[in-house]
1. Given the conditions (1) within 16 Å of the ligand (Cβ to nearest atom); (2) without any contact (Cβ under 8 Å) to a residue 24 or more places away in the chain; (3) more than 19 Å from M170 (Cα to Cα), report the number of the one that Q88 does not fulfil.
2. Could you figure out which of (1) more than 30 Å from L97 (Cα to Cα); (2) within 14 Å of the ligand (Cβ to nearest atom) isn't true of G221?
3. Exactly one condition in (1) in contact with a strand residue (DSSP E or B) (Cβ under 8 Å, 6 or more places away or on another chain); (2) within 16 Å of the ligand (Cβ to nearest atom) is false for E135; which is it?
4. Every residue in the stretch 27-52 that is away from the ligand (no atom under 14 Å from the Cβ) and in contact with a Leu (Cβ under 7 Å, 6 or more places away or on another chain), please.
5. Quick one: K182 ticks every box in (1) touching a helix residue (DSSP H, G or I) at 6+ places or on another chain (Cβ under 9 Å); (2) farther than 25 Å from N100 by Cα bar one, so which box is it?
Amino acid sequence: MENTQNIKDNLMRVLSSIREAERLSGRKEGEVSLLAVSKFHSAEKVKEAIEAGQMYFGENRVQEAVTKFNEVRESYPNVHLHIIGTLQSNKIKKAVLLSNRIESADSIECLKGIEKHCALEKKLIEVLLEYHTGEESKAGFLHIEDMREALELSARGEVPHISIRGFMTMAPLTNDEALQRKSFAALREAKEVLEKEFPSMDLKVLSMGMSSDYRAAIMEGSTEVRIGTAIFGSREK
Ligand SMILES: *Cc1c(COP(=O)(O)O)cnc(C)c1O
């Protein structure tokens, strides 16, 4: 793992490596966006990244994100925050208030909870459906049928404050690139199937790839990589 204090250099290195992976996989330049995952890192570090040009951040724990991003937004009100961790129902309200997008919707119940709080707050929010494609992670919809059900809910107008924009997954934690790619390919294939079934919806986003596997994810069609360690250095867990 990269282990330097210099967030700006790390960001530039990660961005150029993303651009290189785009080229190698025949993707268009700029097709893959970068979500900087700042969990376990301070508001100061987030501000450093913003000053280096990064405006999109991801956090997986709502409570931690509330404190941090309230502070960050005093100086940078336009910063974007995506929630990427499993959402307990008692955290949905805060997640809705705080974030621009929830990437980790993993059940019909969760979607209905998001809808309920968005309706109360009169807020529209973007959501990704998290798909379980790797053995290690427990999060995510287990079957494509379940995601289909979620999309039907949206297509019927039952979650009008939610705009489902695509899908997210975490690959198994392994150095075996073939296994990583299998997991990412499973998400891409699910997206391709569901996009055809719901042609009126815009389901383009494929959020997949982290510090250790984002090149493989880009090869499999990722449109957003979520990178923490390679930008902010290692964190204590
Ligand atoms: C922590 C986390 C990441 C970033 O992981 P790194 O290995 O630090 O790049 C990406 N996605 C999710 C859901 C995470 O929880």
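None of the figures in this text is laboratory data; all of them are computed from the coordinates on show. Computed from a predicted model, the values in this text were never measured in an experiment. Cβ placement follows ideal geometry from the backbone for every residue including glycine, while neighbour counts extend to all protein chains displayed.
1. Single failed check for Q88: (3).
2. (2)
3. Looking at each condition in turn, E135 falls short on (1).
4. Selection gives A52 alone.
5. (1)
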